[in-house]
Amino acid sequence: MYPAQFDYHTPGTVREALDLLGRYGDDAKLLAGGHSLIPAMRFRLAQPKHLVDLRKVPGLAGIKEEGGMLVIGALATHYAIESSALVKSKCPVLAATAAMIGDPMVRNMGTIGGSLAHADPAADYPAAIIALGAEMVAEGPKGKRTIKADDFFKGLLTTALGADEILTEVRVPVCGPKVGCAYLKFPHPASRFAVVGVAAVLTVDAGKVTKAGVGITGAGTKAVRAKGVEAGLQGKALDASAIQAAADRAPDGVDVQADLQGSEEYKRHLLKVFARRSIEAAVAAVR
Ligand SMILES: Cc1cc2nc3c(=O)[nH]c(=O)nc-3n(C[C@H](O)[C@H](O)[C@H](O)COP(=O)(O)OP(=O)(O)OC[C@H]3O[C@@H](n4cnc5c(N)ncnc54)[C@H](O)[C@@H]3O)c2cc1C
């Protein structure tokens with residue numbers, strides 16, 4: 001189906017884009033890579049009267065390191081993140097996560113900001129973003145604010161971003177020495193979206209976990225922190241039984257939902273399996 005008619009705007013600055021959002025309110029939608037919004041428009045699930053394309057705004061797609069953080073522009077494509085030497089060396093799990101998204105066309109067009117703002121419950125980045133303890137920078141009419149990953153995902157396709165705000169940056173702590181990280185998912189065979197996905201970021205010292213970040217996607221209506229797994233790993237020596245015991249807590253506190261991909265029971269099982277595999281992969285990757 002063709003999308004409903006709309007006016008197309010190409011602001012040259014964030015300020016101009018914010019002005020357009022302010023002028024058109026609920027009738028306006030931001031466009032980034034278009035790989036979630038355009039399909040929704042073609043199904044007439046979204047019918048914005050004004051499309052505000054961010055791709056002509058300079059400076060929104062860079063990737064740099066600043067004060068122990070990777071600063072990734074919201075318009076950085078999945079491919080830019082997957083292939084960035086900086087991301088691969090400072091935060092390999094994020095490059096690996098980007099590389100698992102969809103297919104080459106999706107990765108060439110889709111952006112990290114679009115993916116996070118869209119908040120698809122089966123998207124890949126959110127698990128890694130939560131496990132890493134990243135922060136999102138939003139700009140709105142009143143200026144900039146920073147939103148922690150734990151506070152960002154609010155529900156199905158819903159985030160803490162206001163309708164008058166633009167996600168401009170994602171700030172990710174670099175993975176230092178003694179840190180190992182991994183993201184693994186059970187991909188849907190057609191779309192490659194995560195039926196479930198688990199990211200683990202572990203700091204390991206003298207064979208024991210001193211800090212654990214574990215994020216889950218796909219299981220419910222939004223990505224969440226796997227607090228049970230984190231608590232199960234904290235201070236533990238990493239033998240097989242400790243890893244299994246921690247992984248078995250993956251569904252704890254998660255509002256697991258049955259959907260076309262599987263029953264609640266099946267998804268709970270997948271969560272435990274992928275939590276164990278992600279922990280094992282993170283341990284193997286400790287530097
Ligand atoms: C065939 C196919 C397979 C896919 N497979 C996967 C997969 O395996 N894993 C996965 O994670 N994703 C997958 N995706 C989704 C893909 O990653 C999208 O690119 C992503 O969800 C949206 O990013 P975008 O840049 O295309 O955003 P758009 O589609 O342009 O926008 C999405 C939403 O975010 C808003 N938005 C965009 N940018 C901003 C911003 N900077 N600030 C505030 N709001 C903003 C828009 O207004 C819109 O509501 C797939 C998509 C397709 C079509």
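The values are calculated or read from the model by the stated rules, or taken from the named source; none is laboratory data. Since the structure is predicted, the reported quantities are computational estimates derived from the model, not experimental observations. In this analysis, Cβ positions are derived from the backbone assuming ideal geometry, glycine residues included, and neighbour counts consider all displayed protein chains. Remember, those area values only see protein heavy atoms, side chains included, never the ligands or the DNA or RNA. Shrake-Rupley method; radii C 1.70, N 1.55, O 1.52, S 1.80 Å.
Summarised in one figure, the compactness ratio Rg/Rh of region 1-70, Cα atoms and Kirkwood Rh, is 1.08. At a probe radius of 1.4 Å, what is the per-residue accessible area of ASP252, in Å² to the nearest 10? ASP252 exposes around 80 Å² with every protein chain in place.
Solvent-accessible surface (1.4 Å probe) assigned to HIS9 amounts to roughly 30 Å².
Label region 155-274 by shape, choosing from rounded, prolate and oblate, from the square roots a ≥ b ≥ c of the eigenvalues of the Cα gyration tensor; if a/c is under 1.5 it is rounded, and otherwise prolate applies when a/b is larger than b/c, oblate when it is not. Oblate, since a/c reaches 1.5 and b/c is not below a/b. Using a probe of 1.4 Å on the protein chains alone, the accessible area found for ARG15 is around 120 Å².
List the GluC sites (Glu not before Pro) within region 48-135 that fall in a DSSP loop (any state other than H, G, I, E or B) and whose Cβ has at most 12 other Cβ atoms within 10 Å.
Passing sites in region 48-135 do not exist.
Shape index of the chain: Rg/Rh, with Rg the Cα radius of gyration and Rh the Kirkwood radius from the inverse mean 1/r over Cα pairs, equals 0.98. The angle between the Cα long axis of helix 264-284 and the longest principal axis of the Cα atoms of the chain comes to about 70 degrees, rounded to the nearest 10.
Translational diffusion coefficient of region 81-228 at 37 °C, 0.692 mPa s, Stokes-Einstein with Kirkwood Rh over Cα pairs, in µm²/s as a whole number.
Working: Rh = 15.5 Å.
It comes out at roughly 212 µm²/s.
Give me the angle, in degrees from 0 to 90, between the Cα long axis of helix 14-24 and the longest principal axis of the Cα atoms of the chain, rounded to the nearest 10. Long axis of 14-24 versus the principal axis of the chain: about 70 degrees.
Could you work out the local net charge near ALA250, counting Lys and Arg as +1, Asp and Glu as -1, over the other residues with Cβ closer than 9 Å to its Cβ?
On the way: positive: ARG249, ARG268, LYS272, ARG276; negative: ASP248, ASP252.
Result for the neighbourhood of ALA250: +2.
Excluding ligands, DNA and RNA, the accessible surface per residue across the chain is 46 Å² with a 1.4 Å probe. Ignoring ligands, DNA and RNA, what percent of the 1.4 Å accessible area of the chain is carbon and sulfur? Its accessible area is 54 percent carbon and sulfur atoms. Between the residues GLY235, GLY220, LEU271, the greatest Cα displacement towards the positive end of the dipole of region 207-287, with unit charges on the Cβ of Lys, Arg, Asp and Glu, is found for GLY235.
The Cβ shell under 15 Å around ARG15 holds other residues with a net charge of -1, Lys and Arg each +1, Asp and Glu each -1.
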